[in-house]
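This report concerns only the one structure given below.
The values are calculated or read from the model by the stated rules, or taken from the named source; none is laboratory data. In this text the structure is predicted, and so the values were computed from the model without any measurement. As a convention, Cβ positions derive from the backbone with ideal geometry for all residues, glycine included, and neighbour counts pool all protein chains shown. Areas reflect the complete protein model, heavy atoms only, side chains present, ligands, DNA and RNA absent. Shrake-Rupley method; radii C 1.70, N 1.55, O 1.52, S 1.80 Å.
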Amino acid sequence: MKLFKSLLLLSLPAVFLFSCSKSSNDQQIQISTQEYHTGSFIQNGDTLNSKNKSNGRAIKGTLKAGQTYYLSSDYAAATINKGDTLVIQSGVKVYIVGPASGANAIGTQEHAPGILVNGTLLSLGTKENPNIFTVQNTALKSDPTKDPQDPNTDPAFKGYWGGIQGSTTSGDIILKWTRLEYVGGLTPANSPTRPTLSSYGVFFQNPNANFVLEDCWLYGSHDDMIRVAGGKYEIMRNTFEKVGFIAGECVNIKSGSVGDIAYNVAVGGTGNCFKSANAGGLSPQANMTCYNNTMVTGGYRQQKAGEGGSLDFENGGRGLAYNNFIVNCAYGLSVLGGSGTTPAADTTNIKYGYTYNYGDNTAITTQFLPSGFITKVQTGDINGGNATVPGANNPKFVNYPLPMAANTAFINLDFVGNYNFRLQSSSPAVGKGYTDFKPYAVVKIDKVFGATEITPPGKDIGAYQMDGTGNQH
């Protein structure tokens, strides 16, 4: 994790470097002139959701590498019309601006603008120059020096803007090396995606289009960070931090959706980190291949008893789950059998195993197989059953203190900070992965219009591989 933290420290001064052309440090930032673009370049400093004080605005063309743009809380969403494309080249900063308090405060209803996608959106950040969407006012932001923080007062969960909302007829939404922060503002009454409710960070809902989320950092949301309610998707090598205030998944897969979720790190999620549930009545059936993910301290803000924490299959959802780390989460991998009010998962078409559970106390270890679900110990599991002794098989991360102190409040351990979830060479997870299956790989490989890489199953459990592949943060 230290790699991405260093990257962020570098990217913050990059805002200054891009906006002040006379800086002596300008030449430290190298932006390729060969980056993909379409249409006209939108002028540096443009307010994307208003033109001449219009209330909302249609946008298309290209946000130019290294430049800065704005979304103002005074106006409605920026809209990409059907048939149009917005390209965001690398190193772009999009700031959400507005008053911190008062009747028109940023994040309140009618004052939480986002990007409504009826066309195609391509955010093409790079490892060296990621794109970022965040609030500009630093007084509104969470202060990482205060972590661990009380979620009730942590600004990460406030929800200041409307995120990226794809309509049922959108084109592709492709996000690469992009950081989204402080999503979940209230949607307007006339919202075509989710009226009068907390917005999702990214909402994708076209079964005939493609959604790619790779190498991104998702920080701070009020509800679901990612919801795919229809579409072919590849969600790979991302990091999720502080997702959901009292409800919300890191990734919530609904009907009409098929794809892969792999090599992601999720720390401090509220609901499940990754969920497959066939709600919505679309075809095909909700389906996820979920492998080589690392989930830490999930499920502690969830207000519904017995729900949330790590991986979940329910309500007709299907898929595969292998090589996943579940560390100090409220509940282990959950397969719902249908004894409660929520319909059962498609248990005939669910396969899972090689799960690495770790828990510091019996409240955690006795929920490795969650009560009320039909999850069973499977081949390759490490600490597979509810009789596991707390602290058994320490995963030996490079930098993460296990076991935690006996009085640790896991609800507040929702941050990455300086922790490093890579494996030491002596970790019991090394070489214990299962590789005799294939990802769905439903999205084409393409530097611009598809997935850059669909990383295959790894021989080491979790998001980081000893050979350097997997999560790159």
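Scanning segment 459-472 for residues that are closer than 17 Å to residue 327 by Cβ and not polar (S, T, N, Q) yields 460, 461, 462, 463, 464, 470.
When 251, 258, 296, 267 are screened for being at pLDDT 95 or above, among the aliphatic types (A, V, I, L, M) and surrounded by fewer than 23 Cβ atoms within 10 Å (Cβ to Cβ), only 258 passes. Within segment 152-187, the residues that satisfy the criterion of being out of contact with any Gly (no Cβ under 9 Å at 6 or more places or on another chain) and over 20 Å from residue 282 (Cα atoms) are 152, 153. Looking only at residues in segment 235-252 that are of a type in the set (A, V, I, L, M, F, W, C) and outside any loop (DSSP other than H, G, I, E, B), the one that is nearest to residue 279 (Cα to Cα) is 251. When 193, 169, 134, 178 are checked against the criterion of being closer than 23 Å to residue 88 by Cβ, more than 17 Å from the chain's Cα centre (by Cα) and open to solvent by less than 30 Å² (accessible area, probe 1.4 Å), a single residue qualifies: 193. Scanning segment 354-383 for residues that are open to solvent by less than 20 Å² (accessible area, probe 1.4 Å) and assigned to a helix (DSSP H, G or I) turns up 364, 365.
Residue-by-condition table, conditions (1) open to solvent by less than 40 Å² (accessible area, probe 1.4 Å); (2) modelled with pLDDT under 95; (3) not hydroxyl-bearing (Ser, Thr, Tyr):
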| position | (1), (2), (3) |
| --- | --- |
| 26 | no, yes, yes |
| 32 | no, yes, no |
| 39 | no, no, yes |
| 42 | yes, no, yes |
| 58 | no, no, yes |
| 62 | yes, no, no |
| 66 | yes, no, yes |
| 71 | yes, no, yes |
| 75 | no, no, no |
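For residue 408, the stated conditions hold: it is surrounded by 16 or more Cβ atoms within 10 Å (Cβ to Cβ), part of a loop (DSSP other than H, G, I, E, B) and touching a residue at least 24 places away in the same chain (Cβ under 8 Å). Once segment 384-405 is narrowed to residues that are of a type in the set (S, T, N, Q), closer than 27 Å to residue 425 by Cβ and part of a loop (DSSP other than H, G, I, E, B), the residue that is most open to solvent (accessible area, probe 1.4 Å) is 393. Is there a residue being of a type in the set (S, T, N, Q) and in contact with a strand residue (DSSP E or B) (Cβ under 7 Å, 6 or more places away or on another chain) anywhere in segment 299-308? The answer is no; no qualifying residue exists.
Open to solvent by 10 Å² or more (accessible area, probe 1.4 Å), modelled with pLDDT of 95 or more and not in a loop (DSSP other than H, G, I, E, B) - does that describe any residue in segment 319-334? For segment 319-334, residues open to solvent by 10 Å² or more (accessible area, probe 1.4 Å), modelled with pLDDT of 95 or more and not in a loop (DSSP other than H, G, I, E, B): present.
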